[in-house]
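The values are calculated or read from the model by the stated rules, or taken from the named source; none is laboratory data. Predicted, not measured: the structure shown is a model, and the values here were computed from it. Every residue, glycine as well, gets a Cβ built from its backbone with ideal geometry; the counts of neighbours run over all protein chains shown. When the accessible area is computed, the model is the full protein with side chains, heavy atoms only, and any ligands, DNA or RNA have been set aside. Shrake-Rupley method; radii C 1.70, N 1.55, O 1.52, S 1.80 Å.
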Amino acid sequence: MTSELDIFVGNTTLIDEDVYRLWLDGYSVTDAVALRVRSGILEQTGATAAVLQSDTMDHYRTFHMLERLLHAPPKLLHQLIFQIPPSRQALLIERYYAFDEAFVREVLGKKLSKGTKKDLDDISTKTGITLKSCRRQFDNFKRVFKVVEEMRGSLVDNIQQHFLLSDRLARDYAAIVFFANNRFETGKKKLQYLSFGDFAFCAELMIQNWTLGAVDSQMDDMDMDLDKEFLQDLKELKVLVADKDLLDLHKSLVCTALRGKLGVFSEMEANFKNLSRGLVNVAAKLTHNKDVRDLFVDLVEKFVEPCRSDHWPLSDVRFFLSQYAASVHSLDGFRHQTLWDRYMGTLRGCLLRLYHD
Amino acid sequence: MPGKLKVKIVAGRHLPVMDRASDLTDAFVEVKFGNTTFKTDVYLKSLNPQWNSEWFKFEVDDEDLQDEPLQITVLDHDTYSANDAIGKVYIDIDPLLYSEAATVISGWFPIYDTIHGIRGEINVVVKVDLFNDLNRFRQSSCGVKFFCTTSIPKCYRAVIIHGFVEELVVNEDPEYQWIDRIRTPRASNEARQRLISLMSGELQRKIGLKVLEMRGNAVVGYLQCFDLEGESGLVVRAIGTACTLDKLSSPAAFLPACNSPSKEMKESPLVHPPSHGCRSTHNSPIHTATGSRLTQNFSVSVPTLIYTGMGSGSAGKEGGPFKALLRQQTQSALEQRGGSPHRFCRRREFPFFTLTAFPPGFLVHVGGVVSARSVKLLDRIHNPDEPETRDAWWAEIRQEIKSHAKALGCHAVVGYSESTSICEEVCILSASGTAAVLNPRFLQDGTVEGCLEQRLEENLPTRCGFCHIPYDELNMPFPAHLTYCYNCRKQKVPDVLFTTIDLPTDATVIGKGCLIQARLCRLKKKAQAEANATAISNLLPFMEYEVHTQLMNKLKLKGMNALFGLRIQITVGENMLMGLASATGVYLAALPTPGGIQIAGKTPNDGSYEQHISHMQKKINDTIAKNKELYEINPPEISEEIIGSPIPEPRQRSRLLRSQSESSDEVTELDLSHGKKDAFVLEIDDTDAMEDVHSLLTDVPPPSGFYSCNTEIMPGINNWTSEIQMFTSVRVIRLSSLNLTNQALNKNFNDLCENLLKSLYFKLRSMIPCCLCHVNFTVSLPEDELIQVTVTAVAITFDKNQALQTTKTHVEKSLQRASTDNEELLQFPLELCSDSLPSHPLPPAKEHLESASSNSGIPAAQRATSVDYSSFADRCSSWIELIKLKAQTIRRGSIKTTVTVEKASPVGDGNFRNRPAPPCANSTVGVVKMTPLSFIPGAKITKYLGIINMFFIRETTSLREEGGVSGFLHAFIAEVFAMVRAHVAALGGNAVVSYIMKQCVFMENPNKNQAQCLINVSGDAVVFVRESDLEVVSTQQPTANCQSSGTEGEVTT
């Protein structure tokens, strides 16, 4: 006796959250059944393995049919085939678009192209995430990227509208899309200590302040591309380190303000010129695409690492950066105050986030 | 030209890409009705076209309106080659043809293609302007309402229940026409879909005409089926119960009795004070017939074998045990025909009722299940216009059913249904029902039957009346074991009662019910034509007998004494016959405690064998005790003295080789209740019998928190909460073809059903505590080694905490319901409410009610007040109805609609109908509930929108790519649900009740990567309101009423 056909169709589509998770994690039916057995469900319910097998198959079939709709979530809301309560629809979408931290760190800032897709095998082996799940996550990134690529308006809003994601998840996707578009390098060994959350935080700040959208809300691609004009202007900041008087004045202003308030004052005083040079040079280099990509590498190399080697506490870094940014306003010979604020405001936020072990 | 059909094509969405180059589609729509076709413009390059067409107008006969479906075809325009079809929508416009149902069909319909499934959606608006046609000889029957529900629909009152209506139409099956060789599968499928739709319409119209002839206005319990007879054609047949229904909330109900349609209704049986009790007129000594006790209440028809073209020569071969029974039956039937008191039934051809639940007082006595089967050889239907052969076949079966009922002393058959099973050219026709005595007051011309009336007066007031035997004890149609009713102790009751109806609402039940199934397979040699038919008809009686024995054993094992909703399905295949009986077992308080099951061995001297037997006996006794605990069956102990002199029992225990006291020494303490009663003896004389006993014990009870039944409501549970989940589950197993034996086959089949149930329990575990209601199993044998089981049921959650007080609330509820109905019958609601409402405020009335519930004899005065109280809610809802009616006329009259009017109609005809296409991304599709039950827990049905009867074919030539057979069928059933929901939503409804999947024919050819499936579903589209919402509205009633009348004035001026 073999089962040729075995189906269950409810008027309201049954969604089992546990099975959905197993499916999303890319397990085969056999593996999923084994995992479910291990969870002790048979003992709890008194079911047999055959029942579990049939149940898992049913759910997998349903998810497979739903997947097409999940690729365009508004379709899931309007379709008539599966009657699913709104809360469940939201859950389906949210979980489908959720991603693994380990996976996103591997592809963050990489071009979402076929080439990267070929590397998924390696990523899968490296992270222990099934290839199936890697593919889903990668395809999700790519799909979102394609849809919002040439759209006007706020990146987060566009993502939310077209994929019906929660605010949190939509922000994460905005960061992923932003990183993919600007190809920021995140994979270097130096950067390994950073989490996706760190990058997402920086991305949000940069989108808010450094993109076209920050100045003009009616442009295509406004939140994806950095404001080219702004990047060009950043060259003007070079004067802060090129002009020796200005640099000395800047240093003395900062040192006066921070004397007695900083635990690492002497280290700061000794390193001030190096740090300042590092920060201003990063700004000045951003006209080149390649240097834009290395932004995070540079920040870590030029600022985070020197401070860390001198054991600056985070509070001191905060004090220093505030004072460093604010003191520029007292430099009479410096004319690019607004530009400085636009640059330093964001950079300060990013650096504070990046400054940890 | 009595009707104008208007159709507007608004828009499409989610269309498939038809042009690979542009990834877009140039779609246009063809709208066809009868022979007229209109086309919309081509909407270029879009997957979401906005046609916004003009109104396409069809001027048609109402006959066509009833028969023809509206056919909407979406196509992709192609300049150079033929236009490609995207898919179709068939819309049955019948619901628009009667005034009370929907007035417009408007909404998104899935565009369906028989090869690709659903491909996007289309927004359509359909209206009908109907001109009154008073032509007496008209061919149409517009205005007759159809209900699938097998009880009087919730917002109607039955004025008269006329009786049985049936009709069948036949045609050639397009799949078997010569043209099918040259046309595409799509064209063939569409031809079939269209033909069946057309035939359904015609059938419904013809039945409607019969109803009008009987002066009825509705068909309740409408069941339409189609038989795919292959080469010999296509038969669409339907049965139903003609009624005259009155809308409860129609304005007429407010006027005191001036338009009372039938005079006799005033004199309702329930007006009589209930103190008459059950005075027995039977003073004859009681005899208990001897003989086989296995056939209680169960008359089995001998299958008559008839070859078409050879006349109706009966070649019936009855199985051994039935000979005696049959002789008795025919005898008593003959006797009764002589001087029978049932003159009434001879007037009507077939006094059958497809209803399974009845207004209180309608059902007087229940005799037992009557069934008849006959094996026929199919022959090509030569002239589709004269389907006489098929008519004659059914007439014959019905005649047989009728005579069985007569033999049981009953003049009517309730819970009646018909079915067929076809394999190649052999067809088994089956009919079954429950023989019953009915209260003639509800029937059109049965009012003057003095004899019956006398009976009624005696028995009506008691709640055990329906259990009392209708037949004469002296001329018992079959051997039965009678005792005095355990409730009234005056009348005789049988020891076991089998019925096909639902449990009457006023029946007293102890404990809870449970699903009981008997499953059986019999191998049969492959044969051709006559030889095959003979083989089948020889097997049938044995199968019936065994199914019955299994049911009886399982019932006893559950410690119960009655079966409701019994449905026995016999399915014929190439090399086997399958029998599946499902019913809901209950313990009726009026019937005696069932005896246990006793095992008797053939060789009493063998020691080890003896031990084995006693071990089994112990196991059985344990199971009975466990079941009693599980289903909370603890009837009050009744001493023999109260019951009165025991009926002389035939102490014929010759077959009993071991006495009860001997065998169950160790288990006496477990086995108190059935120890002294006569036990049901199972003889174990060979391995077969041993297998049977084993299989009895293999049925596992559902896990805790789960209950199941195949009736509308679960006996013993009534505190339903609102969560429902309707589902269909299909399983097909392939038998290993090598040395199949009956035992192996039985085991396979049994496992299949049990595993299926286990799967259901597992899947629905999140709903615990819950009950699977209306569990409906269907078995088919699509191929040699394949068994297909289809289950449709609904899981309903209930509140466990409230369950403790259920008995009381149940009584209260049933009283309340009874009194509401009484009031409805009385036809003078206003008189009652006008003087008693102000003088009796609600709380005292409730007190009365409570005291009434504790007191079995209810004084008439108190009854009056309780009538008031309970009818209050009903009146409120009628106000709502009235207001809605007004609101609607206002809306139709002018564009201006005030907010108050909208508020006053809570269900929102408006809400559903005026629903615009939701532009906002977060708005979802409206929820449509589906249930096989006639009600929705926690909600009140406010409107019936018409019958849904849909037929779909799906075919694939890429089975593997669609996920194999499971993927294919899973998707198809989901699509069928979607299309049903879409049609209901378009009618303005939010639920389908009495939903049934009548057919699910699945065929596969994995080698060719092909599969085909046909599904036929039906149900009633309704609008329901949550009871919680209703309460809010009813408190606002008076003001809303004033306001709406105010606005009406405003608009008219």
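For the stretch A:123-157, the set of residues classified as open to solvent by 30 Å² or more (accessible area, probe 1.4 Å), part of a loop (DSSP other than H, G, I, E, B) and either at pLDDT 95 or above or under 20 Å from A:Leu22 (Cα atoms) (or both) consists of A:Gly128, A:Thr130, listed by residue number.
One residue alone among B:Arg489, B:Arg463, B:Arg455 is open to solvent by 30 Å² or more (accessible area, probe 1.4 Å), at pLDDT below 80 and within 28 Å of B:Asn710 (Cβ to Cβ), and that residue is B:Arg463.
Just checking, which of B:Ala535, B:Ala527 is within 30 Å of B:Gln743 (Cβ to Cβ), in a loop (DSSP other than H, G, I, E, B) and either touching a Cys at 6+ places or on another chain (Cβ under 7 Å) or assigned by the TED database to the domain that holds B:Leu563 (or both)? Spell out the reasoning first.
Numbers: B:Ala535 fails: in a loop (DSSP other than H, G, I, E, B).
That would be B:Ala527, the only listed residue that is within 30 Å of B:Gln743 (Cβ to Cβ), in a loop (DSSP other than H, G, I, E, B) and either touching a Cys at 6+ places or on another chain (Cβ under 7 Å) or assigned by the TED database to the domain that holds B:Leu563 (or both).
Can we say B:Thr741 is within 14 Å of another protein chain (Cβ to nearest Cβ) and modelled with pLDDT under 90? So B:Thr741 fits the description; yes.
Annotation note: of B:Ser780, B:Ser814, the sole residue that is among the hydroxyl-bearing types (Ser, Thr, Tyr) and at pLDDT 90 or above is B:Ser780.
Which one of these is closer than 21 Å to B:Ala795 by Cα, among the charged types (D, E, K, R) and over 23 Å from the mean Cα position of the chain (by Cα): B:Lys763, B:Lys747? Result of the check over B:Lys763, B:Lys747: B:Lys763. Taking the conditions (1) away from chain B (no Cβ under 13 Å); (2) buried (at least 22 other Cβ atoms within 10 Å of the Cβ) in turn, A:Ser54 satisfies each one other than (1).
Here's the yes/no breakdown for (1) aliphatic (A, V, I, L, M); (2) touching a Lys or Arg at 6+ places or on another chain (Cβ under 9 Å):
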site	(1), (2)
B:Ala978	yes, no
B:His983	no, no
B:Gly989	no, yes
B:Met997	yes, no
B:Asn1005	no, no
B:Cys1013	no, yes
B:Phe1024	no, yes
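May I ask you to verify whether A:Leu262 is assigned by the TED database to the domain that holds A:Cys350, part of a helix (DSSP H, G or I) and open to solvent by less than 60 Å² (accessible area, probe 1.4 Å)? Spelling it out, it is not the case that A:Leu262 is assigned by the TED database to the domain that holds A:Cys350, part of a helix (DSSP H, G or I) and open to solvent by less than 60 Å² (accessible area, probe 1.4 Å). Is one or more of the residues making up the stretch B:597-610 in a strand (DSSP E or B), open to solvent by less than 10 Å² (accessible area, probe 1.4 Å) and at pLDDT 85 or above? Looking through the stretch B:597-610, none of the residues is in a strand (DSSP E or B), open to solvent by less than 10 Å² (accessible area, probe 1.4 Å) and at pLDDT 85 or above.
Of all residues in the stretch B:952-979, those that are open to solvent by 10 Å² or more (accessible area, probe 1.4 Å) and within 9 Å of chain A (Cβ to nearest Cβ) total 6.
Here is a yes/no grid of residues against (1) at the interface with another protein chain (Cβ under 9 Å from one of its Cβ atoms); (2) surrounded by 21 or more Cβ atoms within 10 Å (Cβ to Cβ); (3) at positive phi:
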residue	(1), (2), (3)
A:Gly46	yes, no, yes
A:Asp58	yes, yes, no
A:Arg68	no, no, no
A:Ala72	no, no, no
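For residues in the stretch B:1-45 being hydroxyl-bearing (Ser, Thr, Tyr) and surrounded by 15 or more Cβ atoms within 10 Å (Cβ to Cβ), which is nearest to the other protein chains (Cβ to nearest Cβ)?
B:Thr25
The residues of the stretch B:188-230 that are more than 23 Å from the chain's Cα centre (by Cα) and in contact (Cβ under 8 Å) with a residue 60 or more places away in the chain, listed by number, are B:Asn189, B:Glu190, B:Arg192, B:Gln193, B:Arg194, B:Leu198, B:Leu209, B:Leu212, B:Met214, B:Arg215, B:Glu229, B:Gly230. Scanning the stretch B:762-790 for residues that are at the interface with chain A (Cβ under 9 Å from one of its Cβ atoms) and surrounded by fewer than 23 Cβ atoms within 10 Å (Cβ to Cβ) returns B:Phe762, B:Leu764, B:Arg765, B:Ser766, B:Leu786, B:Gln788. Whether a residue is part of a strand (DSSP E or B) and at pLDDT 70 or above was assessed, and B:Ser432 passes this test. Of the strands (runs of 3 or more DSSP E) contained entirely in the stretch B:1-116, those carrying at least 2 residues that are more than 34 Å from the chain's Cα centre (by Cα) and over 30 Å from B:Asp246 (Cα atoms) fall at B:3-13, B:27-33, B:36-39, B:56-60, B:70-76, B:84-91.
So that you can scan it fast, the table gives a plain yes or no per residue for (1) touching a Phe, Trp or Tyr at 6+ places or on another chain (Cβ under 8 Å); (2) assigned to a helix (DSSP H, G or I):
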position: A:Ala47; (1), (2): yes, no
position: A:Asp58; (1), (2): yes, yes
position: A:Lys75; (1), (2): no, yes
position: A:Leu80; (1), (2): yes, no
position: A:Gln89; (1), (2): no, yes
position: A:Leu92; (1), (2): yes, yes
position: A:Ala102; (1), (2): no, yes
position: A:Glu106; (1), (2): no, yes
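Among the residues of the stretch B:962-1012, those identified as outside any helix (DSSP H, G or I) and polar (S, T, N, Q) are B:Asn990, B:Ser994, B:Gln999, B:Asn1005, B:Asn1009, B:Gln1010, B:Gln1012. So which residues in the stretch A:3-23 are surrounded by fewer than 21 Cβ atoms within 10 Å (Cβ to Cβ) and more than 12 Å from chain B (Cβ to nearest Cβ), if there are any at all? Passing the criteria: A:Tyr20, A:Arg21. Just checking, how many residues over the stretch A:122-170 are away from chain B (no Cβ under 14 Å) and within 16 Å of A:Gly213 (Cβ to Cβ)? The number of residues fulfilling the criteria is 9. All of (1) under 26 Å from B:Glu424 (Cβ atoms); (2) open to solvent by less than 10 Å² (accessible area, probe 1.4 Å) hold for B:Glu530 with one exception: (2). For B:Lys929, indicate whether it is charged (D, E, K, R) and either more than 14 Å from chain A (Cβ to nearest Cβ) or over 20 Å from the mean Cα position of the chain (by Cα) (or both). Taking the combined requirement at face value, the residue does not satisfy it.
Taking the criterion of being within 26 Å of the chain's Cα centre (by Cα) and open to solvent by less than 50 Å² (accessible area, probe 1.4 Å), the residues of the stretch A:77-101 that qualify are A:Gln89, A:Leu91, A:Leu92, A:Ile93, A:Tyr96, A:Tyr97, A:Ala98, A:Phe99.
Can you tell me which residue within the stretch B:980-1013, out of those that are closer than 30 Å to B:Lys8 by Cα and touching a Leu at 6+ places or on another chain (Cβ under 8 Å), is farthest from the other protein chains (Cβ to nearest Cβ)? Checking each candidate, the answer is B:Gly988.
Mind counting the residues in the stretch B:189-240 that are among the hydrophobic types (A, V, I, L, M, F, W, C), open to solvent by 10 Å² or more (accessible area, probe 1.4 Å) and not in a strand (DSSP E or B)?
Matching residues across the stretch B:189-240 total 6.
A single member of A:Glu185, A:Glu204 is part of a loop (DSSP other than H, G, I, E, B), of a type in the set (D, E, K, R) and not assigned by the TED database to the domain that holds A:Leu70, and it is A:Glu185.
Of the residues B:Asp76, B:Asp61, which is modelled with pLDDT under 90 and either open to solvent by 60 Å² or more (accessible area, probe 1.4 Å) or among the charged types (D, E, K, R) (or both)?
On the way: B:Asp76 fails: modelled with pLDDT under 90.
When all the criteria are applied, what remains is B:Asp61.
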